[in-house]
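Note sheet for the following structure.
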Amino acid sequence: MNNAGPLASPHTRQSSSVSAIMLQVWLALLPASLFGVWLYGWPALNLLLITTAAALAAEALGQRLAGRPIMPSLKDGSALLTGWILAMTLPPWAPWWVAVIGALFAIIIGKQVFGGLGQNLFNPAMLARVALLIAFPLELTTWVAPQPLFSANAPGFIDSLHITFVGVAPLVGGVDAISGATVLDGIKTELARGAELGVVLPDYYRAGDAMLGQMGGSLGETSALLLLLGGLYLIWRGHITWQIPAALLGTVALLATGFHLYDPLRFAHAGVHLLSGGLMLAAFFIATDPVGSPASRRGQLIFAAGIGALVYIIRTWGGFPEGVAFAVLLMNAATPLIDHYVRPRVYGRDPHGKPLDYQRGRFARRLKKQQGGE
Amino acid sequence: MSEFLLILLGTALVNNVVLVKFLGLCPFMGVSGKLDTALGMGLATTFVLTLASVLSWLLETLVLAPLDIQFMRILSFILVIAAVVQFTEMVVRKTSPMLYQLLGIFLPLITTNCAVLGVALLNVQEGNSFMQSLFYGMGSALGFTLVMVLFAGMRERLALNNVPALFAGAPIAFIAAGLLSLAFMGFSGLPVK
Amino acid sequence: MKLFRFRGGVHPAEQKTTRQLPIRPLPLPTRLYLPLQMHIGAPAVPVVGVGDQVLKGQLLARAPSAVSAPVHASTSGVIEAIDEFTAPHPSGLPVRTIVLRSDGEDRWSESVVPIDPFRLSPTEIAQRVGEAGIVGMGGAAFPAAVKLQLGDRNRIHTLIINGGECEPYLTCDDRLMQERPEAVIDGVRLMLRALQCQRALIAVEANKPEAQQALRRACKELSEVQVIEVPSRYPMGSEKQMIQTVTGLEVPAGKLAAEIGVMVHNVATSYAVYQALRHGRPLISRIVTVSGGALREPTNLEVPLGTLVEELIKHCGGFKETPARQLLGGPMMGTALPHQQVPIVKGSNGVLALSAAETGLAPHAQPCIRCGRCAQACPIGLLPMELASRARHGKLDAALDLGLLDCIGCGSCSYTCPAAIPLTQYFNFAKGELARQREEQQKGERTRALAQARQLRLEREAEAKRLAAAKRKAEREAKKRAEAAAQQEKV
Amino acid sequence: MIAIVMLALLGFALGLALGVASKRFKVESDPLVEEVSALLPGTNCGQCGFAGCPTAAEKLVKGEASVDFCPPGGKALAEALAEKLGVDFDASGMADGPPKLARINEALCIGCVKCFRECPTDAIVGAPKQIHAVMWNACTGCGKCVDVCPTMCLEMFVPETGLAQWRWPKPVESVAKAA
């Protein structure tokens, strides 16, 4: 009631808020991220906390420099979520400076310069992911094999500080002991070496492990099952639409199956593609970010199918083993166009925006029926 | 056939003139404020680029190479391009006065669009055949149009943003272009020409 | 009967706490304030003067044109003033109003009642409806007679009687249907006659089973009137959505419903038609739901038009707490009142005093995150967030292109917006801005025409002057020549 | 030598082709001028300094006048022109004062008919030696009559907003202040 001007209707409102939505998304992410922390140990927790804290600090800094209020924007939870998702897409033992640079890039360049929440064109977390990958390829492709918390080989808490803030190398056992390759990395390397897929695939991919997430990969990307559960929860609560995940996963599955049938020796089957890399996380939590995705349901289908196709193309033929981040950014760029050309049909108008013509079509049939008096 | 398709894809996406080769940035920044204008500019450039790369190939193989006067290449190519642009300008002015007005100075400036000359020279450099040149030119032009249209959509959205005063206008457009270029790096490594 | 679904919509909490409370008459207030414009169209023109003694039901102001409605005295008394008085309008600006001081006798004027209104021709029925000052009572307040006359030009195949009452809190139509179903049905039959239409469908939302039952009992002998249950979903009571639900047809953009052979009238309008034709009583009172969490005793009242909101609230025991908003109409589309000295008019279906908790209004808007809930809720299929961002940046053409003028202002988008963005007000603003531009353009065209006329006039005058000068010169020369000739002759 | 000949030939050939094309795609008049002049008020009031609206339209299309050149057209016209001509124009700086109308103070009017002659839309009625009146629905608020009135009986005023003219204001951008 702060404005003295005339009060427009409606005079009541559903109780929901931006921060409530962000909180729900964060809750849905929690199982997969906790699993990641358990799987990769204390360094993963460090990474998660550092990235998130840096994102919040960057948000505060950005708001302050832009002369906008700080607290409301920290409270809305968007920066926290951006930092969290970014951390989930990083190698779990990534050093602290990668996390900080990534978070700063995501929030400042990805979001604040565009005007803050809701105004960014690209998904900030994916922007940072791509920028880091290009700037620090080594750090971003150093994976660790799973070493669950409290297991024999797992680094202790003190060691984890060493890993995060100094580096992995001087630790007992050396780099080799902990390095592991992701499924997609492995396949790409082996295929480049001329190996046959059917022969080498079992070395890298076991369906059960992939489903649960017992494999090398980014912090929060591995557990397809938990991500799926979180995503289904969000769909059930109405925070995301089913169109984006369905179209995205469907397109990848379709392309993978098609090419696999065409040449099983060169093209991995759909299961490999669906359960590995960042696909699940992207399908439910990244591509569904409403800011960068189209407004209409049909637009969302096109958008997600586009991501799916690009992911498959980049994974299969491109220079990078994983293409999710690039694919999301590319389709983010296309979103304004999709929104421009794909809109829902307006009441009383045909799909082209012309007033309905009752001379023909289904409306003419209905009219005739009504005139007949049923 | 698949060879030409690969050339088309490669030049349009992987080696995009604007975002990867950084050619033709002037119209890219100048006429991408509105979607319709950007599309018009893209189509006009497509026309010029395709025609110019074919004509310059013909000039190179039929005139310059036999007479052994390749040192005249840049000069004569520019002559050809300028003529094609003049022709395009006449056509646009006749068929769509509105577009003519909207494109304004950028229409004749296609002449100095380095993408046009660049593609013509690259054709010669890479020793492309006639058909290859055609597709090389067309692919580059389509890539140019694609990026123009994508970017125009983004800028229309940006026009509705509350961009901080420091970044408002051209700066944010450049940042967005840079980020778009980053996204296009995802295409690198695709096995195309 | 097969029903159709309209897209979007919302389910606000119903809050229909007054649906079991019978309609009670409000004691006659001492002063009534009758605005000359309680309807869409031209304001009525007073036919009485200050100091005149008038009887209940007497004509006070006539309709000056076809799209307008007369105003009648709500009780007997003396015209105290014809002056500017706060209008029931969000702006709180004043409007010409007749102030009537009641003499407490409430004496009816004489009126001629037809023996059997069904003997009247369709045109005569419409005419009487017009003379009774009946307007759409669901809130739009469009003169009912104008719509009834459309039956001449368009063949109406279905008359839909809107008993949706989808706004939360409001139960006045519900009570009317429950308590006076025969009168409503009789009004419906009269309207069918006026439209020369064979079928009337009374659509009542599923949350009013008693009303449906009462109406079914009242019309079970009639083959042409049918009661149908429609789902409870806001904005079911909107004309376009009601038509879509019942017939599956959509009113083409920029056209009238009559052009696809459908007409929608409100149940309260139907009751008013019954009153006018059976009893010769013009529209001088209406049923109003008085409710809201801040109010002590919510109820349904039958209120003489022109009564101040203040009287209603006083009658309902005043406030329990300071209301966050006082409204005329429902919470979704109603008008916020600047104060209580505002009269009840023909379209006022509710007086609400909402507590802060009920409004759930956030003090500040947050940035739009494009979550798309507004687009999902929009019953028209618009993209409210895109529209609002264009309206905010003054890009009216772009907003128009996105369907600004298709917006029905139902408020579903603002209701669902988690960022509490006043979307509806952005659209109101943009529509107003557009209207202003159109007016300016019209003015410009008029100016151009006038300027051209002046140019022509000046040219004509110059031409006339030139001709006159030429004529004079010719005459002078002729005279000179004649003189010269005469002189020569002399010589 | 060969080079020069070749270049000359090339230039000649291309010139010939362009010459033919220019005949083929000849554009008679600039349709834009007409479209622009349709937007202008058409009163030829001369406040912009050009000789009438058609001239101003030509100057605009040639880029010799800024889109905000027309005082009676105000902000709305400037925006419309910017849109039509595709120029970037920030109209926010333009004062968008409410439209004004002329009013005659009847006590001072001497019936000199000067205003009457000056009015570009014939909005002032009256006869010599009689009090004049302004017809407000024809008045464009150009203010020319005020300048010529010898008794200063004409003034510009802002008409009051009634219910019919009232428009919803733009929502207050109430972004929360630092909490």
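For chain C, the membrane-span-like helix rule (DSSP H, alpha carbon extent of at least 18 Å along the helix axis, mean Kyte-Doolittle at least 0.0) picks out C:181-195; this says nothing about an actual membrane.
Rounded to the nearest 10 degrees, the inclination of helix A:183-192 to the longest alpha-carbon principal axis of chain A is 70 degrees.
Checking the cross-link filter: which lysines have an alpha carbon closer than 30 Å to that of C:LYS56, excluding same-chain neighbours under 8 positions apart? Hits, sequence-local ones excluded: C:LYS147, C:LYS314, C:LYS346.
The mean number of Cβ atoms from other chains found within 10 Å of a Cβ in peptide C:250-263 is 4, as a whole number.
In segment D:101-157, Rg over Rh equals 0.89, where Rg is the alpha-carbon radius of gyration and Rh the Kirkwood radius from pairwise Cα distances.
Peptide D:116-129 has a mean of 2 when you count, residue by residue, the C-beta atoms of other protein chains within 10 Å of its C-beta. Within chain C, C:CYS166, C:CYS172, C:CYS197, C:CYS219, C:CYS316, C:CYS368, C:CYS371, C:CYS378, C:CYS407, C:CYS410, C:CYS417 have no other Cys Cβ under 4.7 Å of their Cβ and so lack a disulfide-compatible partner by this rule.
Between A:ALA135, A:ALA325, A:ALA210, the Gaussian network model of chain A with springs among Cα atoms under 10 angstrom shows the greatest mean-square fluctuation at A:ALA135. Label positions at C:LYS2 and B:GLN125, each projected 7 Å from the Cα along the C-beta direction, are separated by 6.6 nm.
Overall form of chain C: prolate. Here a/c, set by the Cα gyration tensor axes a ≥ b ≥ c, is 1.5 or more, and a/b is the larger of a/b and b/c. Site pair C:GLU483 and C:GLU461 shows an inter-label distance of 3.2 nm when each label is modelled 7 Å from Cα along Cα→Cβ. Taking one quarter of the surface of the convex hull spanned by the alpha-carbon atoms of segment D:31-93 gives a direction-averaged projected area of 3.7 nm². Applying a length cut-off of 30 Å (Cα extent along the axis) and a mean Kyte-Doolittle floor of 1.6 to the DSSP H helices of chain D leaves D:2-24.
So which GluC sites (Glu not before Pro) in segment C:1-107 pass both tests, a DSSP loop state and at most 14 other Cβ atoms within 10 Å of the Cβ? Sparse-neighbourhood loop GluC sites (Glu not before Pro): C:GLU105. As a calculated quantity, the FRET efficiency between D:ALA17 and D:GLU83 at R0 = 41 Å, using C-beta atoms, amounts to about 0.65. With loop membership from DSSP and a limit of 16 other Cβ atoms within 10 Å, the longest segment of chain D without GluC sites (Glu not before Pro) is D:107-159. For the segment B:117-128, counting C-beta atoms of other chains within 10 Å of every residue's C-beta and taking the mean gives 0. Between D:PHE157 and D:ASP122, the C-beta separation translates, for a Förster distance of 22 Å, into a calculated FRET efficiency of about 0.65. Span-like helix criteria (full DSSP H runs; alpha carbon extent of at least 15 Å along the helix axis; mean Kyte-Doolittle hydropathy of at least 1.6) are satisfied in chain B by B:114-125, B:170-184.
Of the residues C:MET242, C:MET191, the one with the fewest other Cβ atoms within 10 Å heads the list, and the complete ranking is C:MET242, C:MET191. Checking the Cα-Cα distances for C:LYS443/D:LYS75; B:LYS34/D:LYS84; C:LYS240/D:LYS170 against a 24 Å cut-off, the pairs over it are C:LYS240/D:LYS170. Using the average count of surrounding beta-carbon atoms within 10 Å as a protection proxy, the listed peptides C:314-322, A:47-55 rank, highest first, as A:47-55, C:314-322. Here is the list for segment D:1-87: trypsin sites (Lys or Arg not before Pro) lying in DSSP coil, each with at most 16 other C-beta atoms within 10 angstrom of its C-beta, are D:LYS26.
Of all lysines in the structure, the ones whose alpha carbon falls short of 24 Å from that of C:LYS480, not counting any fewer than 8 places away in one chain, are C:LYS465, C:LYS471, C:LYS490. Its DSSP H runs of at least 4 residues, each contributing -39,500 (n - 2.57), put the calculated 222 nm mean residue ellipticity of the protein assembly as shown at -15000 deg cm²/dmol, to the nearest 500. Peptides C:67-77, B:65-75 ranked from most to least packed, by the mean per-residue count of other Cβ atoms within 10 Å: C:67-77, B:65-75. Within the listed set B:GLY127, B:GLY33, B:GLY139, the residue fluctuating most in the Gaussian network model of chain B (springs between alpha-carbon atoms under 10 angstrom) is B:GLY127.
Each reported figure results from applying straightforward, stated rules to the coordinates on display, with no laboratory input. What you see is a predicted model, and the numbers here were worked out from it, not measured in a lab. Neighbour counts are summed over all protein chains in view; Cβ atoms, including those assigned to glycine, are modelled from backbone coordinates with ideal geometry.
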